[in-house]
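Here the structure is laid out as structure tokens; the discussion comes afterwards.
The values are calculated or read from the model by the stated rules, or taken from the named source; none is laboratory data. All figures in this text were calculated on a predicted structure; none of them were measured in a lab. Glycine also receives a Cβ, built like all others from the backbone with ideal geometry; neighbour counts cover every protein chain displayed. Surface areas here come from the heavy atoms of the whole protein model, side chains and all, with no ligands, DNA or RNA. Shrake-Rupley method; radii C 1.70, N 1.55, O 1.52, S 1.80 Å.
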Amino acid sequence: MNPDKKAYHERFMREAIAMAELALRSDETPVGCVFVKDDEIIGRGMNETNRTLNGTRHAEFVALAGILSKLPISILKETDLYVTVEPCVMCASMLRQYGIRAVYFGCWNERFGGTGGVLNIHSDISVDKPYPVHGGIFREEAIMLLRKFYVQENEKAPEPKQKRTRELKTEISPMDIHAPKK
Amino acid sequence: MSTLTLSPASVDSRLSEPKTRFALPSRPSRHMLSNCLRAMPLPSRSEHLIVDQPFLFRCAKLFNSVISKAIPDLKTNDFQHLRRVVQFKFLPPHLQKTFRSSKGGVVLTEDPSEEDVAEQDDTVRYFLVSPSKAIQHAALVDAFRQNPPWCESKASPRIFYVTVPTFSPTSSEQAAQWSVEYWPITYKNTNPYGPHPSLVARNVAEIEKDAGKWLALAEKAAEQVYSQNLGERVGCVIVDNSKGRPEIVAVAADSRWRNPTGEPETKNDGPGNVMAHAVERAIAMVGKKRLRAVGKDPDTLDRKLFCDSPLTDMERRYYELDNLPSNGYLCVELDIYVTHEPCVMCSMAILHSRFKRCIFGRRMPYTGGLTADNAEGKMEEKPKLGDGLGHGIFWRPSELNWKLLAWEFTNEEDKENGKISDHTPNTLQA
């Protein structure tokens, strides 16, 4: 990626990270995203699963619910997504059904990633048009946000796991977790 | 049809009898979506039988410490399905015969007649050591010669080689058969290739009586919104079957063609409001009911495009029932019935929501996310469009963070008569 392109993508990923930081402050899994059309941010979203008691309220859904209340679906064909963590299988499929142009993400999601982390919903056989994905933009920052969250106690889970003794690791090796499997 | 007495709240009284008789497949193993994702099918019996020949010898105590010293890197996990210590009377007949008559190996006592008696004694144990390739015969003999009772005796341990199945059995029947043919086998409910048949059978018994009724209700819900031109003819019903008496928790229809102002959107080539698929709406209703149950505003952070408020009287009726406990988590312990195989997005939404079971009506080989095999039940590494996508998003326990049971609900009568129950295009994302 040439320096100009890199700076362009990093500019929007920084905005996505700001949304993830907001999620962390709101006691939500720190994942944030922005949708970009014609170099402009047209919508922002963050994970809201804890406060809605709905495991499907991911950042991409939240952002699109805002965008599509004002703009037609067809604009998504010229829209890119910047999201701090690789879209999950559910969101990857939603984005493909909507016809997203491209997806840029920070770290890979080894638990349920849908664009390379676990499955390849963006490119596998489907009735919908595939889309390109680019991972690894501010990957370390995205991972650190997740780690900050996971050292906290998740009180919503039925049997809270003891996490108090966990320490926040700060070193990230090149092929640590949240790296692509292949 | 149903002999179960249901409370008025759990069945829609206006629900007519299903047009045709629904029946769960009589052979769940064929219809069950059990082969999840793997390119490899369930290993057949012949593939299990290998030439691994673990050492075998008799007597019980001290062996673990001797063996762990002699074979420090032994992976006992690889043969957990094989019983490690076995009494003579539980050996397969052919091994009883071999061991009784055998003068081979190294004999413990000089007197064969004494040995015969000892072998049939309940105090004698046959101990499975390791795969034969893990240690040389002489090295194993040496290891034992250094320990009691052999270090004090001229005798040596008797060591046999037996053929055993490499892999765990996939059913209790198979385990019983192998125990007679090869070596006593245990079987555990941890099949990585798909849910265990006994688990499937137990769950079928729990749901088969009412499954057709819930799917008929889902169809009716779909019809009501479809007829207002607000959605595709897809509907779903969420049922709590954990308290011994089934209770409907939520009913929702697809409303992808309902625009943000609530009016019908002109159908076009586009996908419509993907977030308003029936499954997404129903899951959102469960979340809102849970918020209500803990005294919070059900409309917290709600957005119009999620379309998760009831659209019909039927949806409202179940939405307004306070029948979820306040301490529940997502959709744990709940079952979801969908008229069509859910798309990949909805399949993963079901998994994210920790459902217990999913039962769907029509298989969607172009778009469905649950089936792992194609229409003929075969597995393909790279499916062709229309053969099923092969994702198997219900049982990928080593990759995804939840697993559930899933069934295609087939209507054998309709299949025989060549009837198609709805005219939804097969490329629809349900």
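The figures follow:
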read-out: Exclusive hit being in contact with an Asp or Glu (Cβ under 7 Å, 6 or more places away or on another chain), within 12 Å of another protein chain (Cβ to nearest Cβ) and within 22 Å of A:PHE61 (Cα to Cα), set B:LYS304, B:LYS288; value: B:LYS288
read-out: Test result for B:ALA250, surrounded by 21 or more Cβ atoms within 10 Å (Cβ to Cβ) and under 17 Å from B:LEU428 (Cβ atoms); value: no
read-out: Residue selected from the range B:291-301 under the condition assigned to a loop (DSSP other than H, G, I, E, B) and either farther than 25 Å from B:PRO264 by Cα or in contact with an Asp or Glu (Cβ under 7 Å, 6 or more places away or on another chain) (or both), by the criterion most open to solvent (accessible area, probe 1.4 Å); value: B:LYS296
read-out: Options B:SER398, B:SER353, B:SER347; residue that is modelled with pLDDT under 90 and not acidic (Asp, Glu); value: B:SER398
read-out: Long-range neighbours under 6 Å by Cβ, at least six apart or interchain, first residue in the same structural domain as B:ALA282 (by the TED database) and open to solvent by less than 50 Å² (accessible area, probe 1.4 Å) within the range B:320-332, second hydrophobic (A, V, I, L, M, F, W, C) and assigned to a loop (DSSP other than H, G, I, E, B); value: B:CYS331/B:PHE355
read-out: Test: residue in the range A:18-41 that is in contact with a Phe, Trp or Tyr (Cβ under 9 Å, 6 or more places away or on another chain), open to solvent by 30 Å² or more (accessible area, probe 1.4 Å), touching a residue at least 40 places away in the same chain (Cβ under 8 Å) and of a type outside the set (Asp, Glu); value: yes
read-out: Selection from the range B:255-290 of residues that are under 28 Å from the mean Cα position of the chain (by Cα) and outside any helix (DSSP H, G or I); value: B:HIS277
read-out: Which listed residue is touching a residue at least 60 places away in the same chain (Cβ under 8 Å), touching a strand residue (DSSP E or B) at 6+ places or on another chain (Cβ under 7 Å) and open to solvent by less than 10 Å² (accessible area, probe 1.4 Å), from A:PHE105, A:PHE12; value: A:PHE12
read-out: Any chance B:LEU351 is in contact (Cβ under 8 Å) with a residue 40 or more places away in the chain, surrounded by 21 or more Cβ atoms within 10 Å (Cβ to Cβ) and more than 9 Å from chain A (Cβ to nearest Cβ); value: no
read-out: Out of B:LYS103, B:LYS89, B:LYS97, sole residue that is over 46 Å from the mean Cα position of the chain (by Cα) and either surrounded by fewer than 13 Cβ atoms within 10 Å (Cβ to Cβ) or modelled with pLDDT under 75 (or both); value: B:LYS103
read-out: Cβ pairs under 8 Å, 6+ apart, first in the range B:265-284 and farther than 13 Å from B:CYS343 by Cβ and at the interface with another protein chain (Cβ under 10 Å from one of its Cβ atoms), second of a type in the set (Ser, Thr, Tyr) and part of a loop (DSSP other than H, G, I, E, B); value: B:ASN273/B:SER255; B:ILE283/A:THR56; B:ILE283/B:SER353; B:ALA284/A:THR56
read-out: Residue ranges of strands (runs of 3 or more DSSP E) in the range A:6-98 with at least 2 members over 25 Å from A:SER123 (Cβ atoms) and more than 14 Å from every other protein chain (Cβ to nearest Cβ); value: A:40-46
read-out: Among (1) surrounded by fewer than 22 Cβ atoms within 10 Å (Cβ to Cβ); (2) within 13 Å of chain B (Cβ to nearest Cβ); (3) within 13 Å of the chain's Cα centre (by Cα) - the single one A:ILE125 does not satisfy; value: (3)
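A quick yes/no check of all residues on (1) touching a Leu at 6+ places or on another chain (Cβ under 7 Å); (2) over 26 Å from B:VAL344 (Cα atoms); (3) of a type in the set (A, V, I, L, M, F, W, C):
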position	(1), (2), (3)
A:ASP4	no, yes, no
A:SER26	no, yes, no
A:VAL31	no, no, yes
A:ASP39	no, yes, no
A:GLY55	yes, no, no
A:VAL62	no, no, yes
A:ALA65	yes, no, yes
A:GLY99	yes, no, no
